[in-house]
1. Determine the total buried accessible area between chain A and chain B, counting protein heavy atoms only with a 1.4 Å probe; round to the nearest 100 Å².
2. In region B:66-150, if the dipole is taken from +1 on Lys/Arg beta carbons and -1 on Asp/Glu beta carbons about the Cα centre, which of B:V93, B:G103, B:G133 is farthest to the positive end?
3. Suppose every K and R has +1 on its Cβ and every D and E has -1 on its Cβ; what is the size of the dipole of the protein assembly as shown about the Cα centre, in Debye to the nearest 20?
4. Would you work out the charge dipole size for chain B about its Cα centre, treating the Cβ of every Lys and Arg as +1 and the Cβ of every Asp and Glu as -1, and quote it to the nearest 20 debye?
5. In whole percent, and with a 1.4 Å probe on the protein chains, what portion of the accessible area of chain B is carbon and sulfur?
6. With every protein chain left in place and a probe of 1.4 Å, what is the accessible surface of A:W18, to the nearest 10 Å²?
7. Might you tell me the accessible area per residue for region B:63-265, computed with a 1.4 Å probe and given in Å²?
8. When chain B is modelled as a GNM with alpha-carbon springs shorter than 10 Å, which of B:A241, B:A257, B:A60 fluctuates the most?
Amino acid sequence: MADEETTEGVDKSVIDKWMQIVRAAWESDSFKKMLLDNPVGVLQAAGMDPGVANVQIHEDTATTRHFVLPAKPGDVGVDEAHQSLMSDANPGF
Amino acid sequence: MEWAAIGGGAVVVATEARGWLHHPANPMDPFHFPMKGPGTPATTGRLLDAAIAAGLTAGAVGGTPPPPLTATRWAWRLVGYYHLTHSTPALLVETARRFDAAGRPALAAWATEKAADETAHDRLALRDLDELGYDAGVTSLRHPTAVAMVDWFRAAAEGDALPLGVIAYAHTVERLALTLDAAAVDAVRAVLPPGSRAIRCLRVHSAIGSDVSHVSDNIRLVATLPAAERAAIALACRRVAGLFSRTPDEGHLDDAALAALFRPWRRSHGGQDG
């Protein structure tokens with residue numbers, strides 16, 4: 001169950017799969033070319049479905065570092081979300 | 001900033017002013033990693049709010065809204081109130097004992113104080129039901145949402161793990177109670193007979209009752225805990241909120257079905273069906 005997998009706060013499976021891809025790219029120039037040419041296909045083959053059609057792989061060099069800024073997520077708040085209640089109960093304790 | 005994984009690949013992220021629901025997709029996303037560092041009441045409060053909000057939204061998926069409130073349906077909600085409040089003191093006493101045994105005196109003191117605060121709240125629900133014309137035996141009915149909540153509460157209080165889930169449970173239900181403002185109380189009053197006082201339990205568990213200070217007390221306590229425990233409590237808040245917001249598997253009972261259920265405990269002079 002997904003909840004149990006992330007109880008400790010880390011979705012390690014994503015990191016582990018990416019590490020396997022990094023290792024394969026370091027070990028094999030042909031794999032690296034395949035990754036750069038068809039990143040979605042390689043990620044999917046490794047069980048990392050990116051969920052989008054456009055994926056770019058950038059290789060760091062001795063003079064260039066790439067940082068990824070995650071997309072801004074949506075706000076969440078109790079005062080808005082409680083209006084979606086589908087139960088027939090009141091909160092008591 | 002504080003964050004916590006809440007299952008399904010989602011992470012709630014909080015600052016003093018905002019809460020976000022984030023789905024880390026990139027392996028280099030910093031929110032794949034566990035939260036570190038101390039909490040503050042401002043960010044911890046937002047973190048727990050975001051987790052509760054995410055749980056409410058997730059639990060409601062595929063559900064159906066309950067029918068409009070009537071006096072009969074309010075009695076049904078009071079049956080749920082009874083189950084939630086009746087179970088509380090004993091489970092909090094057990095929670096205090098276990099925190100104490102684990103060498104966590106501050107958490108034990110919190111549970112002990114809360115057990116005292118919450119004692120006899122079930123009598124408020126019974127008095128409200130009585131005023132609506134129902135004998136106490138009506139509380140033998142199984143209110144599915146309340147039963148699911150109490151089962152979760154009991155498992156957290158009596159399970160093998162440190163009962164941090166009890167803190168999450170208490171905070172979630174008390175935080176949700178704050179969504180019930182004076183207008184919500186008036187909406188209930190409007191379906192009851194003129195002059196009815198069958199809102200005593202509601203008033204206590206609302207933004208005009210004691211739950212206001214309880215929520216800030218809970219947040220101050222959680223903010224002092226290590227990051228891993230704050231994250232575990234956030235995850236538990238999401239689960240409790242999910243249970244609370246979901247439509248029961250058997251669906252919602254309509255007023256006719258509720259009236260039939262209530263009949264053995266309905267006094268003839270009550271006469272207050274909506």
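The values are calculated or read from the model by the stated rules, or taken from the named source; none is laboratory data. The structure presented is a predicted model; accordingly, all values stated were derived computationally and were not measured. Here Cβ is always computed from backbone atoms with ideal geometry, including for glycine, and neighbour counts include all displayed protein chains. Ligands, DNA and RNA are stripped out before the accessible areas are found, and what is left, the full protein with its side chains, is counted by its heavy atoms. Shrake-Rupley method; radii C 1.70, N 1.55, O 1.52, S 1.80 Å.
1. 4200 Å²
2. B:G103
3. Magnitude of the dipole: close to 480 debye.
4. 80 debye
5. Ligands and nucleic acids excluded, carbon and sulfur reach 58 percent.
6. Here the accessible area works out near 50 Å².
7. For region B:63-265, the solvent-accessible area averages 39 Å² per residue.
8. B:A257
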